[in-house]
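The values are calculated or read from the model by the stated rules, or taken from the named source; none is laboratory data. Small disclaimer: the values here were computed from a predicted structure and weren't measured. Reconstructed Cβ throughout: ideal geometry from the backbone, glycine too, with neighbour counts over all protein chains shown. Accessible surface is based on the protein model in full, side chains and every heavy atom, while ligands, DNA and RNA are left aside. Shrake-Rupley method; radii C 1.70, N 1.55, O 1.52, S 1.80 Å.
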Amino acid sequence: MAARRGWCGGRGSFLALAFGVTLLKVLLIPTYHSTDFEVHRNWLAITHSLPVSQWYYEATSEWTLDYPPFFAWFEYVLSHAGKYFDKEMLSVQNLNYSSPMTVLFQRLSVITTDMLYIYAVYQCCSCVNGKRGGKDPLENPPFVLSVLLLWNFGLLIVDHIHFQYNGFLFGFLLLSVARLFQKRYLEGAFLFAVLLHFKHIYLYVAPAYGIYLLRSYCFTANNPDGSLRWRSFSFCRLIALGSIVCLVSAVSLGPFLARGQLPQVFSRLFPFKRGLCHAYWAPNVWAVFNSIDKMLSVLGVKYQFLDPARMPKAAMTGGLVQEFQHSVLPSVTPLATLFCTAVSVLPSVFCLWFKPQGPRGFLRCLVLCALSSFLFGWHVHEKAILLAILPLSLLSVDTSRDAGIYLILSTTGHFSLFPLLFTAPELPIKILLMLLFSVYSFSSLKALFRKEPLLNWLEAVYLTGLIPIEIICEIVFPFTSWAQKLPFLPLLLTSVYCALGIIYSWLKLYISAFTEPLEVKQKEE
Amino acid sequence: MEKWSLITITVLLGLTVRWTVSLGPYSGAGKPPMYGDYEAQRHWQEVTYNLPVKQWYFNTSDNNLQYWGLDYPPLTAYHSLLCAYVAKLINPGWITLHTSHGYESQSHKLFMRASVLVADLLVYVPAVILYCCYLKETSVKKKISSALCTLLYPGLILIDYGHFQYNSVSLGFALWGVLFLSYDFDLSGSIAFCLAINYKQMELYHALPFFCYLLGKCFKKGLMGKGLWLLMKLAFIVILSFAVCWFPFCTDIEQILQVLRRLFPVDRGLFEDKVANIWCTISVLFKIKTFLTTEIQLKLSFALTFLTVLPSCIKLTLQPSLRGFKYGLVCCALSFFLFSFQVHEKSILLVSIPVCLVIHEIPFMSTWFLLVSTFSMLPLLLKDGLLLSYTVTMLAFLMVCTTSFSIFEKTSEEDLQLKRLSTSIRRYIPWFKTFSKVMKSLFFISVTLMGILTLISATMEPPKRLPDLFPLAVSVVSCLHFLFFLLYFNIIAMWESKDGRNQKKIS
């Protein structure tokens, strides 16, 4: 309770933070927006002007509807507000339409739906232990957490410059996490089920939810040594959970099931035709794998181990093509990535089952699931790293160990988002915002954990290395002669360098999950 | 958190807001034949780069003074020349003589905006940070808060990064002057202020307090001994810095006279457009410009300006103190803005920056003034299409001030520095209660009024017969505010002296 009371005093500052970041988002309205803007405009048009039965068949634009039905309904609702701004944007034929009113409307829709995110952050902050930290209100964990979440660099640039609706989706996720922290399991499960039907990328973290709910909700008691008491299984609870999930799925997919369109919907949702890596390689294991392959092939040609005539052509264009042919190492199939992902997720799930550590353990497992699938998944987008960074923020204000991991992961993860914004006017914005966020996260977490060092020297050197990388990639490289020959070298360098940091923090998080003492809760009681 | 990281965050926030505002439109974008201040600055680069110094201020076949002729002092011209050299490196087409008139492109905009940011970063931002960090007798929180509020002041951001000008350079030099004077580096302070005047002649609004403060300091040291020596040193350094700045023009007396004629265009009339000063406001009822000759206007404005600056200047000369100096800057600049000849709406920035200097002492009144000052430029900002940035930065500024200074809890008489006034009033009018509530309600009324006027001017078409109705309303409302602030700032500059502050500290 002390935590709650301490935090209530911070309501004013929380509102100020939320209001401030909202104003910043409004200022960002005229900035560059990516093709995702057109994607969402097209979906507005599809849902507005076509009957439900054609939503998943319409293919005038190349940006077909490939999110689950709730998101389509969300666009449908938005489109009814949009018609008061500019009716033209709601026509399916109007490809690449971006009148000032359309931009304003779409940007404002992201900003207003972010209210849910703000509310979710507020709920999360009240779950955090507010007792620690100095007397200064700027140095208590809920305040720090609220800044880390509300002013998150990645979310700001992905949603409010690049253009996407991650804010309110993460609102659902964080709210459901907060509900689990508050032991309102059914609500949490409901919110997560709804979220899955908004955007299916959150399936990545579904294992953590499934296991945690089963272990801590359906089984009502533990043995004194923390192991499972099989007799305490509550059938009612399982049925309650199951019916919530089924009901949500029925509402979402039912209409399409009734029309027999389910296969079409699923073929849109899971397109395995795309390549192993996105156009810009997300900083994961495959990026490292690809570049080792490239390096080997270059060395091979140089020392004449390999015959250049027999090598695949696309191999030298450096990340431009979607279908990537490996020349030395074996090519990776979707099934292989699925297998790797499953293997890398499993230990964390086992840990959650056999070594319950309360909601914090669940959160750690969630982050591990997200990170594992980011590192080993098929056609991963660099934006997916937010799925690990945002939940990890909650852990970072609790222990210095997690804070250290958070700093590495968030800095490298955010840095890897830089190539999303490649236009000149946005260059200062991304650098300024990144510096702002990094300076704040480093100094505030350092102030929270005064005595403990957060990073060792190697990690510090690695993170400082990002500065020269940025200078080389964006300021020096364009003026060198290599810029013509190998235009994608900076992207490759960025993604490989960041991949190292992300893999490292994944390993470190795994180690901390296994070595964390059992059930912190008992100590507090 | 450590102080340095708070300062870094403050600066980064200020820069982020500046750069995001600069993504918006600038004055005269796509509006031939004259365009706006953006084109003026580009044109000066073109002129200074291509013509010899002797022709910069003269009307020649290559330099049509009717088309944005150079009308700022030499330092601005040198700055333009410097920018022109950089522009030449990137794209010579930006500054070719004649053919580059009205040049507009995305990359050129980026270059111009970046040049403002660089100038700001070199001159203004460090001055603000140093000034706030070395404030005497203030807590770290207050220092950071005042730095944040000063850096987020919407008026300067909107004019420099929206409308397009380089006010931060001249204001920054003036700030350096204040900074040096507060550490008794009188000579460096004078140099900095001379640079400010030689960048923009409008800095003359600040000249009297600088002069009176330094003169008073000399008097205090004794006019015969050390004081005289200091005075001579100061006079020498001022003349020297002026001579250096004007060096290329010193060859010929006609050159100097021509520059001066360009700097002080008396024939342009008492005021232009809609300015929130007394003349424009009176003109609503009584057309001064048509009824009085220019000469009478000139004399009248001079007399009124002189009379209104007199009290604070005399006080400053007789009792030179740092606090008095800052309030003197506010009072004099405000008097000049309200009463002097040929005032631009942007000149209100010259009042605002000194007000930022005292924001930690009277947060409530300063915030109020700074809001009104930005509001007074609303017609100009609307013309430039800066409504969005205006609304956002105003709200952000109001929010930052309220949260960091909790201004609404600081409306007691001590906090408003009106203790002495109210005790002396109470001596004559015993039933007189308190300023606190009156001020608070006035503040809310004024903010509501500004909000409503902004909303009306942004959304409604003015009636056909009165096309200037809304700009005029904005000017009149702001002018009334400014008169009230002039009274207030003069009162606290005159009444409240050192012991008033000591009393407050004891209590």
Normalised by the residues of segment B:29-81, what does the relative contact order come to in percent, with Cα pairs under 8 Å and at least six apart? 40 percent
At 4 °C in a medium of viscosity 1.567 mPa s, segment B:1-97 has a Stokes-Einstein diffusion coefficient, with Rh taken as the Kirkwood radius over alpha carbon pairs, in µm² per second, of 83 µm²/s
At q = 0.10, 0.12 Å⁻¹, work out log10 I(q)/I(0) for segment B:64-153 with the Debye formula, treating every Cα as an identical point scatterer and leaving solvent out; two decimals please. -0.43, -0.57
In deg cm²/dmol and to the nearest 500, what is the mean residue ellipticity at 222 nm of chain A if only DSSP H runs of at least 4 residues count, each as -39500 (n - 2.57), divided by the residue total? -19500 deg cm²/dmol
Chain A: relative contact order in percent, alpha carbon pairs under 8 Å with at least 6 residues between: 17 percent
Mind checking which lysines have their Cα closer than 28 Å to the Cα of B:K88? Skip sequence neighbours fewer than 8 apart in that chain. A:K430, A:K485, B:K31, B:K54, B:K109, B:K200
Using 0.36 nm times the number of residues separating B:D252 and B:W431, minus their current alpha carbon distance, what extension gain do you get? 57.7 nm
Other residues with Cβ under 12 Å from the Cβ of A:F514 give, with Lys and Arg +1 and Asp and Glu -1, a net charge of +2
Note down the net charge around B:F408, summing +1 for each Lys or Arg and -1 for each Asp or Glu among other residues with Cβ under 12 Å from its Cβ. +1
For segment B:176-298, what is the Kirkwood estimate of the hydrodynamic radius, computed as the reciprocal of the mean inverse distance between distinct Cα atoms, to one decimal in Å? 17.3 Å
Within 10 Å of each Cβ of B:400-411, how many other protein chain Cβ atoms are there on average? 1
Residue-normalised accessible area of segment A:155-248, given per residue in Å² at a 1.4 Å probe: 38 Å²
Please grab the % of Cα pairs in segment A:1-118 that end up more than 25 Å from each other. 34 percent
Inter-chain shielding metric for A:415-426, i.e. average beta-carbon neighbours from other chains within 10 angstrom, reads 2
Based on the Cα gyration tensor of segment B:357-507, what are the three equivalent ellipsoid semi-axes, each the root of five times an eigenvalue, rounded to whole Å and given largest first? 34, 17, 12
Three-way shape call for segment A:350-403 based on the alpha-carbon gyration tensor, with the a/c threshold at 1.5: oblate
If the cut-off is 17 Å between C-alpha atoms, which lysines fall inside it for B:K220, apart from same-chain ones fewer than 8 positions away? B:K233, B:K315, B:K498
Helix-derived [θ] at 222 nm for chain B: sum -39500 (n - 2.57) over DSSP H runs of at least 4, divide by residue count, nearest 500? -21500 deg cm²/dmol
Loop only per DSSP, at most 13 neighbouring Cβ atoms within 10 Å: give me the chymotrypsin sites (Phe, Trp or Tyr not before Pro) in segment A:70-157, ordered by residue number. A:Y84
Would you mind working out the accessible area per residue for segment B:61-174, using a 1.4 Å probe, and quoting it in Å²? 35 Å²
Relative to the longest principal axis of the C-alpha atoms of chain B, give the angle of the C-alpha long axis of helix B:387-405, reported between 0 and 90° and rounded to the nearest 10°. 30 degrees
Beta carbons within 10 angstrom, averaged per residue: use that to sort the peptides A:43-51, A:353-361, highest first. A:43-51, A:353-361
Please give the peptides B:225-235, B:476-486 ranked by average Cβ packing (other Cβ atoms within 10 Å per residue), highest first, as a rough proxy for protection. B:476-486, B:225-235
Once all Cα-Cα distances of chain A are split into 10 Å bins that start at 0, what whole-number percent is in each one? 4, 17, 28, 28, 17, 6, 1, 0
With a 1.4 Å probe and all protein chains in place, put A:H197, B:H98 in order of accessible area, largest first. B:H98, A:H197
Length-normalised contact order of segment B:304-378 in % [C-alpha pairs under 8 Å, at least 6 apart]: 28 percent
Report Rg(Cα)/(2.2 N^0.38 Å) for segment B:1-48, keeping two decimals. 1.79
Rounded to the nearest 10 Å², the accessible area of A:V345 at probe 1.4 Å: 20 Å²
Using 20 Å bins from zero, what percent of all Cα-Cα pairs in the protein assembly as shown falls into each bin? 11, 38, 33, 16, 3, 0
Table column - 3J(HN,Hα) (Hz), segment B:135-142, Karplus curve with 6.51, -1.76, 1.60, x for Gly and Pro: 5, 7, 6, 9, 6, 4, 4, 5
Anything over 30 Å Cα to Cα? Flag those among B:K383/B:K440; B:K136/B:K440; A:K25/B:K3; B:K136/B:K299; B:K299/B:K326, in the order listed. B:K383/B:K440; B:K136/B:K299
At R0 = 41 Å the Cβ-Cβ FRET efficiency linking B:A458 and B:Y183, nearest 0.05, sits at 0.35
Shielding score for B:109-122, defined as the mean number of other chain Cβ atoms within 10 Å: 1
At q = 0.21, 0.25, 0.29, 0.31 Å⁻¹, work out log10 I(q)/I(0) for segment B:53-101 with the Debye formula, treating every Cα as an identical point scatterer and leaving solvent out; two decimals please. -0.84, -1.11, -1.23, -1.23
Paired Rg and Dmax values of segment A:78-184, which use every Cα atom, in angstrom: 17.8, 59
Scalar couplings 3J(HN,Hα) for segment B:290-296 by Karplus 6.51 cos²θ - 1.76 cosθ + 1.60 (θ = phi - 60°), nearest whole Hz, x for Gly and Pro, are 8, 7, 10, 6, 4, 5, 5
What one gets for chain B as the Kirkwood radius, inverse of mean 1/r over different Cα pairs in Å, is 23.9 Å
Taking a probe of 1.4 Å and counting only protein heavy atoms, give the total accessible area buried between chains A and B in Å², rounded to the nearest 100. 2300 Å²
Carbon/sulfur accessible area of the protein assembly as shown, % of total, 1.4 Å probe, equals 70 percent
With each label point set 7 Å from Cα along the Cα-Cβ vector, what nm distance links A:L335 and B:L307? 9.7 nm
